[in-house]
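Encoded as structure tokens, the structure appears first; notes follow it.
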Amino acid sequence: MSRFQREPVKLVPVPSPNFIPERDVDKTPILEVSHLGIDFGGLTAVDDFNMAIGRTEIAGLIGPNGAGKTTVFNLLTKVYQPTRGTIMLDGRDTAGMNTIQVNKLGIARTFQNIRLFKALSVMDNVLIGLHNEMDYHLPSAVFRFPSYWRSEKIAKGRALELLSIFDMQDLADAKAGSLPYGAQRRLEIVRALGTNPSLLLLDEPAAGMNPSETTELMENIQKIRDTFKIAIMLIEHDMSLVMGICEGIGVLNYGKVIAKGTPEDIQSNPQVIEAYLGKKKEAN
Amino acid sequence: MIKKSTIIPMPLRYLINIVLFAAFLFVMNTLITGGTISKYYSGVISSIGISIILAVSLNMATGYLGQLPLGHAGFMAVGAYTSALIMKAAAGSLITFPLALLAGGLVAALFGILIGIPALKLKGDYLAILTLGFGQIIMVVLLNIDDVLGFKLTRGAAGLQKIPKTTTFLITFICVGITCFVIHTIMKSRHGRAILSIRENEIAAESCGINTTYYKTLGFVVSAFFAGVAGGLYAGNIGILNPSAFGFMKSIEILVMVVLGGMGSMFGSVLSGGVLTALPELLRDFDKYRMVVYSLVLVVVMIFKPTGLMGTYDFSLNGLLDKLILRLKGGKGDGGGKAVLVEKEGKANE
Ligand SMILES: Nc1ncnc2c1ncn2[C@@H]1O[C@H](COP(=O)(O)OP(=O)(O)O)[C@@H](O)[C@H]1O
Ligand SMILES: [Mg+2]
């Protein structure tokens with residue numbers, strides 16, 4: 001945490017009841033979610049969720065276990081279709097779209113319970129992320145036309161470049177499933193970056209990492225944002241990470257947003273403290 | 001930097017394989033046309049080739065795509081009848097048979113699309129049952145279509161007789177070569193990786209923007225196409241077609257080849273497709289125990305090596321040559337023989 005310096009940022013309001021960093025305000029927010037909700041049978045997992053994310057913002061989503069954070073990601077990526085509300089991605093309504101379409105529109109993600117292509121090599125995992133960046137058709141593959149060789153060569157170079165963000169290029173031939181836990185999480189980020197997103201969703205990227213790995217991850221998340229000029233939204237329980245790199249933070253409890261603001265706002269918000277530590281009265 | 005496991009450059013690797021395969025075809029063909037290999041054994045060798053095509057094509061749907069279709073014989077039947085009818089109608093010309101095989105493959109592929117689109121919406125057991133049903137329906141249709149609709153097409157239970165026996169060693173193994181080449185080149189491309197990603201994790205595949213419906217259908221259709229071609233070769237090899245040859249047991253037989261060889265290993269499918277076809281022929285006297293042996297072998301392999309004989313390992317001649325060159329150059333390849341094999345799984349293996 002001490003190595004880490006976040007530039008002070010001012011959050012400003014945008015037309016919907018949301019806030020984004022001041023430097024992004026002249027551009028459409030990459031994400032604007034309003035009144036988002038989903039019911040699973042009788043259970044309302046997410047209700048009236050509102051959030052805006054600026055073009056180059058690193059945003060955080062925190063809250064106790066079972067609060068509905070992963071469900072929000074699943075709604076944004078259309079793993080579930082929302083029961084209520086709208087999701088505007090880069091100014092476009094994503095209603096009726098599926099996972100593949102919103103990925104092509106610019107959302108990429110990682111998973112809380114890692115979902116790598118375990119039996120395939122690290123390189124193949126990244127190349128699958130780069131699938132839509134390659135353009136040759138099936139006949140070119142079967143007959144090995146020049147477009148195949150060209151496109152594969154470019155993609156492999158790109159994959160190594162992306163792997164080098166985490167210094168993983170030497171692991172290209174290793175089987176993804178054989179990597180240590182931390183490296184698997186990093187590989188998921190690399191694979192997601194392969195799809196050339198404008199919004200990257202990270203679901204507990206530091207889970208299972210030791211403190212030095214976590215610090216390194218924080219630096220790399222910032223590096224990714226700075227080099228790719230993309231927005232990143234992350235769910236995380238490690239408060240030093242969240243408070244260290246997130247500019248805007250939303251706090252979720254029982255499917256509802258109970259607080260929003262800068263890390264400073266969140267840290268001093270009594271409702272947040274209550275959600276995490278419980279009410280004083282109840283504790284007695 | 002990156003570990004370079006390929007020493008022989010890419011186009012040369014293809015050339016080496018093509019030259020060696022052509023040499024194999026030439027030698028075998030000389031032996032057969034010269035009479036060193038009898039007509040009977042040449043027929044057996046062709047049926048080995050047909051089994052290899054069936055196993056390699058089913059491996060595309062099971063090993064690579066990760067589905068469990070139980071109707072592969074149905075696609076084979078569709079291809080066999082299509083080719084046979086064309087052959088009977090227009091025998092004689094040299095070009096007829098290749099065209100008939102192509103037509104058999106295409107009609108089977110069409111059925112692959114028709115059955116694949118609903119079937120691939122289902123998962124696991126449901127897909128297995130739906131494709132099993134498809135196989136049975138094909139058999140029943142072939143059996144009864146003439147009676148019901150008054151055609152003189154499939155000739156019911158008596159089956160199609162006197163199909164020109166145009167299947168030769170050469171044409172069979174050219175088809176084997178094409179099947180392996182096409183499936184190999186698909187699998188080592190962005191399209192093949194998309195198919196593998198569905199097997200590995202469908203949700204993650206979709207989150208990478210992979211059109212899973214399209215690629216599932218593609219894998220299924222390619223699988224059906226080559227089963228259809230194998231059916232055509234079968235018709236031309238035996239000369240008689242009968243619906244009962246394409247029943248549930250035939251589908252299971254092909255599945256056993258794939259499982260035994262190792263799901264996801266083309267080399268395993270080639271090997272076990274060949275062995276499981278050759279053995280019963282060589283041990284003719286034990287023919288009635290064939291299914292017993294099948295079941296026993298399967299049980300034993302599943303107990304001792306659940307991933308099949310080859311696992312997902314694919315043999316690569318050039319990979320072998322690479323290792324040899326490395327070793328001759330000064331022992332960099334030593335001590336890691338096994339480890340290198342394991343690491344090369346799923347990588348470019350020509
Ligand atoms: N597919 C589902 N069906 C039913 N309930 C679900 C489903 N997915 C999530 N939930 C429920 O929604 C709530 C929020 O879960 P989740 O989003 O995973 O929480 P978090 O990620 O904040 O820990 C939990 O009560 C969970 O049981
Ligand atoms: Mg979660």
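The values are calculated or read from the model by the stated rules, or taken from the named source; none is laboratory data. What you see is a predicted model, and the numbers here were worked out from it, not measured in a lab. When we count neighbours, we look across all protein chains shown, and the Cβ atoms used for this are built from the backbone with ideal geometry, even at glycine.
Of all the residues that make up segment A:189-242, how many are surrounded by fewer than 17 Cβ atoms within 10 Å (Cβ to Cβ) and within 16 Å of ligand 1 (Cβ to nearest atom)?
Number satisfying all stated conditions: 3.
From the list B:Leu99, B:Leu110, which residue is under 30 Å from B:Ser38 (Cβ atoms), assigned by TED's automatic domain parsing to the domain that holds B:Ala224, part of a helix (DSSP H, G or I) and without any contact (Cβ under 8 Å) to a residue 24 or more places away in the chain?
B:Leu99
Could you please find all residues in segment A:163-180 being within 19 Å of A:Lys118 (Cα to Cα) and free of Cβ contacts under 8 Å to residues at least 40 places away in the same chain?
Of everything in segment A:163-180, those that are within 19 Å of A:Lys118 (Cα to Cα) and free of Cβ contacts under 8 Å to residues at least 40 places away in the same chain turn out to be A:Gln169, A:Asp170, A:Ser178, A:Pro180.
Taking only segment B:247-293 into account, find how many residues are surrounded by 19 or more Cβ atoms within 10 Å (Cβ to Cβ), in a helix (DSSP H, G or I) and of a type outside the set (A, V, I, L, M, F, W, C).
Result for segment B:247-293: 10.
When segment B:223-241 is examined, which residues are found to be out of contact with any Pro (no Cβ under 9 Å at 6 or more places or on another chain) and either part of a loop (DSSP other than H, G, I, E, B) or of a type in the set (Lys, Arg) (or both)?
B:Ile240
Of all residues in segment A:137-158 being of a type in the set (D, E, K, R) and loosely packed, with under 15 Cβ neighbours inside 10 Å, which is farthest from A:Ile107 (Cα to Cα)?
A:Arg150
Only residues that are of a type outside the set (A, V, I, L, M) and at the interface with another protein chain (Cβ under 9 Å from one of its Cβ atoms): list them for segment A:90-109, please. Write out each step before concluding.
Here is the first cut: in segment A:90-109, the residues of a type outside the set (A, V, I, L, M) are A:90-94, A:96, A:98-99, A:101, A:103-104, A:106, A:109.
Once the filter is applied, which keeps residues that are of a type outside the set (A, V, I, L, M) and at the interface with another protein chain (Cβ under 9 Å from one of its Cβ atoms), segment A:90-109 yields A:Asn98, A:Thr99, A:Gln101, A:Asn103, A:Lys104, A:Arg109.
For the subset of segment A:243-266 comprising residues that are surrounded by fewer than 19 Cβ atoms within 10 Å (Cβ to Cβ) and over 17 Å from A:Lys10 (Cβ atoms), which member is nearest to ligand 1 (Cβ to nearest atom)?
Of everything passing the filter in segment A:243-266, A:Tyr254 is nearest to ligand 1 (Cβ to nearest atom).
Against the definition (within 26 Å of B:Tyr215 (Cβ to Cβ), more than 16 Å from ligand 1 (Cβ to nearest atom), crowded, with 17+ Cβ neighbours inside 10 Å and charged (D, E, K, R)), how does A:Asp124 come out, yes or no?
It is true that A:Asp124 is within 26 Å of B:Tyr215 (Cβ to Cβ), more than 16 Å from ligand 1 (Cβ to nearest atom), crowded, with 17+ Cβ neighbours inside 10 Å and charged (D, E, K, R).
Condition test on A:Gln112, is it more than 9 Å from every other protein chain (Cβ to nearest Cβ) and surrounded by fewer than 17 Cβ atoms within 10 Å (Cβ to Cβ)?
Details: more than 9 Å from every other protein chain (Cβ to nearest Cβ): yes; surrounded by fewer than 17 Cβ atoms within 10 Å (Cβ to Cβ): yes.
Yes; evaluated as a whole, the condition is true for this residue.
Among the numbered conditions (1) more than 16 Å from ligand 2 (Cβ to nearest atom); (2) within 14 Å of chain B (Cβ to nearest Cβ), tell me where A:Leu202 comes up short.
All conditions pass for A:Leu202, except number (1).
Being buried (at least 24 other Cβ atoms within 10 Å of the Cβ) and either free of Cβ contacts under 8 Å to residues at least 60 places away in the same chain or within 15 Å of ligand 1 (Cβ to nearest atom) (or both) is true for just one of A:Met51, A:Met134, A:Met97. Which residue is that?
Answer to the check: A:Met51.
For segment A:102-109, indicate whether the set of residues that are in contact (Cβ under 8 Å) with a residue 24 or more places away in the chain and within 13 Å of ligand 2 (Cβ to nearest atom) is non-empty.
Yes: segment A:102-109 contains one or more residues that are in contact (Cβ under 8 Å) with a residue 24 or more places away in the chain and within 13 Å of ligand 2 (Cβ to nearest atom).
Give the residue, chosen from A:Arg55, A:Arg92, that is more than 16 Å from ligand 2 (Cβ to nearest atom), out of contact with any Ser or Thr (no Cβ under 6 Å at 6 or more places or on another chain) and either over 18 Å from A:His35 (Cα atoms) or not assigned by TED's automatic domain parsing to the domain that holds A:Met218 (or both).
A:Arg55
Would you confirm whether or not segment A:79-86 contains a residue that is of a type in the set (A, V, I, L, M), free of Cβ contacts under 8 Å to residues at least 40 places away in the same chain and facing chain B (nearest Cβ under 7 Å)?
Yes - at least one qualifying residue is present in segment A:79-86.
Filter segment A:56-94 down to the residues that are among the polar types (S, T, N, Q), within 16 Å of ligand 1 (Cβ to nearest atom) and either more than 24 Å from A:Ile266 (Cα to Cα) or touching an Asp or Glu at 6+ places or on another chain (Cβ under 8 Å) (or both) and list them by number.
Within segment A:56-94, A:Thr70, A:Asn74, A:Thr77, A:Gln81, A:Thr83 meet the criteria.
Residues are listed down the side, and each one gets a yes or a no for (1) under 17 Å from B:Ile203 (Cα atoms); (2) at pLDDT below 95; (3) of a type in the set (Ser, Thr, Tyr):
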site	(1), (2), (3)
A:Asn103	yes, no, no
A:Phe111	yes, no, no
A:Val122	no, no, no
A:Ile165	no, yes, no
A:Gly208	no, yes, no
A:Glu213	no, yes, no
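Just one of the numbered conditions (1) under 25 Å from A:Ile273 (Cα atoms); (2) within 16 Å of ligand 2 (Cβ to nearest atom) is not true of A:Gly261; which one?
Condition not satisfied by A:Gly261: (2).
List every residue pair whose Cβ atoms sit under 9 Å apart, with the two residues 6 or more apart in sequence or on different chains, where the first one lies in segment A:230-252 and is touching a residue at least 40 places away in the same chain (Cβ under 8 Å) and the second, anywhere, is within 13 Å of ligand 2 (Cβ to nearest atom) and basic (Lys, Arg).
Every condition considered, the pairs that remain are A:Ile235/A:Lys69; A:Leu252/A:Lys69.
Answer with yes or no whether A:Ile62 is crowded, with 23+ Cβ neighbours inside 10 Å and away from chain B (no Cβ under 14 Å).
yes
Taking the condition of being in a helix (DSSP H, G or I), facing chain B (nearest Cβ under 9 Å) and not aromatic (Phe, Trp, Tyr), how many residues in segment A:143-161 meet it?
Total meeting the criteria: 4.
Here is a yes/no grid of residues against (1) more than 12 Å from chain A (Cβ to nearest Cβ); (2) surrounded by fewer than 22 Cβ atoms within 10 Å (Cβ to Cβ):
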site	(1), (2)
B:Leu149	yes, yes
B:Leu153	yes, yes
B:Lys162	yes, yes
B:Lys165	yes, yes
B:Thr172	yes, no
B:Ile195	no, no
B:Ile198	no, no
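Give the residue that is farthest from the other protein chains (Cβ to nearest Cβ), with candidates limited to residues of segment A:162-183 that are closer than 15 Å to A:Ile128 by Cα and in a helix (DSSP H, G or I).
Here the residue is A:Leu162.
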